[in-house]
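Participant: I am attaching a structure below and will ask some questions about it afterwards.
The values are calculated or read from the model by the stated rules, or taken from the named source; none is laboratory data. Predicted, not measured: the structure shown is a model, and the values here were computed from it. Cβ atoms come from the backbone with ideal geometry, glycine included; neighbour counts cover every protein chain shown. Ligands, DNA and RNA are stripped out before the accessible areas are found, and what is left, the full protein with its side chains, is counted by its heavy atoms. Shrake-Rupley method; radii C 1.70, N 1.55, O 1.52, S 1.80 Å.
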Amino acid sequence: MEGLNRHTICLLWFTGLSGSGKSTIASLVEEQLHAMGKHTYLLDGDNVRHGLNRDLGFSDRDRIENIRRIGEM
């Protein structure tokens, strides 16, 4: 994959409290990387919860499963 992209593959995972600005920062970082010619893909937690994890709530058990599934992706 690195040969196709012509750059090193990297994952940035922003964690923190709800409303702390994770998505805002991630979007700004993605814009900068894209401007540098890097291939990017942004997975936002809210979007993942509307699709892959739509069957999960916000209990401790569901939050753990949410993170596990995202890690599998």
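Participant: Residue by residue through region 1-34, note down the ones that are among the aliphatic types (A, V, I, L, M) and assigned to a loop (DSSP other than H, G, I, E, B).
Facilitator: Passing the criteria: M1, I9, L11, L12, L17.
Participant: I'm checking my understanding of the structure. Among residues of region 38-51 that are open to solvent by 40 Å² or more (accessible area, probe 1.4 Å) and free of Cβ contacts under 8 Å to residues at least 12 places away in the same chain, which one is nearest to R6 (Cα to Cα)?
Facilitator: T40
Quick grid of which residues meet (1) open to solvent by 100 Å² or more (accessible area, probe 1.4 Å); (2) of a type in the set (S, T, Y):
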| position | (1), (2) |
| --- | --- |
| H7 | no, no |
| L17 | yes, no |
| S23 | no, yes |
| F58 | yes, no |
| E65 | no, no |
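Participant: For region 35-68, give me each residue that is more than 23 Å from I25 (Cα to Cα), among the acidic types (D, E) and not in a loop (DSSP other than H, G, I, E, B).
Facilitator: Within region 35-68, D60, D62, E65 qualify.
Participant: I've got another one for you. For region 32-72, name all the residues that are under 14 Å from the mean Cα position of the chain (by Cα) and either modelled with pLDDT of 95 or more or under 18 Å from L17 (Cβ atoms) (or both).
Facilitator: Hits for region 32-72 are D44, G45, D46, V48, R49, N66, I67, I70.
Participant: Ok, one more. Using the structure shown, decide if I9 is modelled with pLDDT of 90 or more and of a type in the set (V, I, T).
Facilitator: No.
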